[in-house]
Amino acid sequence: MRHTLLLLRHAEAYPESSGSSDFDRPLSDQGKAEAIHVANWLNEHNGLPDQARSSTATRARQTAGAVFGQRAIDTLKLTFDDRLYLAGLQTLLEILAETSDSVEQLLLLG
């Protein structure tokens with residue numbers, strides 16, 4: 001069986017401001033438009049992957065919501081994983097190793 005890994009970076013976020021953390025930065029207006037553009041591209045070229053995992057950072061969650069919508073969240077095609085925030089290679093390899101062989105297409109969003 002062939003497996004495909006898609007890597008997606010969060011859309012543009014507002015810069016970190018005084019008193020806010022990097023983790024809590026929301027998408028900018030431009031970022032919201034970018035996320036919708038990615039959603040349209042996926043629908044035209046790929047459709048939804050079998051499974052998607054997203055960082056729990058605010059901007060990643062917002063990107064995931066715009067790209068996949070509530071339907072994917074409700075059907076558990078999309079899960080949120082704390083480990084994806086600032087994940088290094090070893091963490092990504094661990095996540096891949098945990099993924100079922102039945103998943104043909106996995107998207108990681110960070």
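Each value in this text was obtained by applying a stated rule to the coordinates, not by laboratory testing. Quick caveat, the model's predicted, so the values are computed rather than measured. In this analysis, Cβ positions are derived from the backbone assuming ideal geometry, glycine residues included, and neighbour counts consider all displayed protein chains.
Things worth noting here:
- Candidates Ala39, Ser17, Leu96 compared by Cα position along the dipole of the chain: farthest toward the positive end lies Ala39, with charges placed on Cβ.
- Between 0 and 90 degrees, the angle of helix 58-74 with respect to the longest Cα principal axis of the chain falls at about 40 degrees.
- Once Cα Rg over 2.2 N^0.38 Å is calculated for the structure shown, the corresponding label among [x] 1.33; [y] 1.06; [z] 1.15 turns out to be [y].
- Förster radius 25 Å - calculated FRET efficiency between Asp22 and Leu96 (Cβ-Cβ, nearest 0.05): 0.50
- Helical mean residue ellipticity (222 nm; -39500 (n - 2.57) per DSSP H run of 4+; nearest 500) of the chain: -13000 deg cm²/dmol
- Cα-based helix-to-principal-axis angle, 89-98 vs the chain, degrees rounded to 10: 40 degrees
- Beta bridges per DSSP, both residues in the chain: antiparallel share near 10 percent.
- Protection-proxy order for peptides 34-40, 92-98, each taking the mean of Cβ atoms within 10 Å per residue, highest first: 34-40, 92-98
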